[in-house]
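Everything on this sheet refers to the single structure shown next.
What follows is calculated from the coordinates using simple rules that are stated; it is not laboratory data. Since the model is a prediction, treat every value here as computed from it, not as a measurement. Heads up, the Cβs are rebuilt from the backbone with ideal geometry, glycines too, and the neighbour counts pull from every protein chain shown.
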């Protein structure tokens, strides 16, 4: 018997390396709109947030409405760059493939949109491992750190939350997984930037160890 019956992956920063591209695009659009925000500050303040929440936050900083087309431009600029530059996180394709080959059910649950994940998982070669087991922000009332998206994923996959392992890289995502009553494993390829260990989350830096962490061995 394995330790878990389902492994639920966050998408951005866990499976696909979207965050540097997103941070550059958001910084560019904010600077163009009169709010000077570096890509590093975008990352620090908005990693894990749904896009709508992020733009509301920066609009409050600006103190006036952002351009009405900023969301459309954001998505268009991101998609263009994803199709050219996006890569999977190191070892992610191999790690997911190993879980699937071993018979472990997997899915994706993200604060991102289904449309974005169709692109990002597609161009990185990950989409085939998940099929239609991909869940996004439009399917729930509240994004992370609320547990809604993880509870939805468990329900749709027919697995008790207590038998789910969540793979997260952000504090908001980890809080969501814990609130859902799931075990959270924190993927920190460089260092624990968001203080996941302070939440009691076990962290790891190399995707090659994931199978062992979920009870499958390697």
*Computed over the chain: relative contact order in percent, which uses C-alpha pairs under 8 Å that are six or more apart*: 26
*asked:* Please compute the length gained on full extension between residue 45 and residue 118, using 0.36 nm multiplied by the number of residues separating them and subtracting their Cα-Cα distance.
replied: 23.7 nm
*Normalised by the number of residues in the range 160-212, what is the relative contact order in percent for Cα pairs under 8 Å and 6+ residues apart?*
32
*Which value in nm describes the separation of the simple spin-label points at residue 160 and residue 60, placed 7 Å from the Cα toward the beta carbon?*
3.9
_Could you work out [θ]222 nm for the chain from helices alone, using -39500 (n - 2.57) per DSSP H run of at least four and dividing by all its residues? Round to the nearest 500 deg cm²/dmol._
-13000 deg cm²/dmol
*Would you mind pulling out the separation of the Cα centroids of the range 134-159 and the range 185-202, in Å?*
22
*Of all DSSP beta bridges in the chain, antiparallel share, percent nearest 5*: 5
*Would you please state which residues of the range 85-102 a label at residue 132 would reach in this model, taking the label point 7 Å out along Cα→Cβ and a backbone N cut-off of under 13 Å?*
none
_So if I take the centroid of the Cα atoms in the range 48-89 and the same for the range 1-43, what is the distance between those two points in Å?_
10
*Determine, from the Cβ-Cβ distance of residue 191 and residue 85 and an R0 of 25 Å, the FRET efficiency 1/(1 + (r/R0)^6), rounded to the nearest 0.05.*
0.55
*asked:* Calculate the FRET efficiency for residue 204 and residue 31 from the Cβ-Cβ distance with a Förster distance of 30 Å, rounded to the nearest 0.05.
replied: 0.25
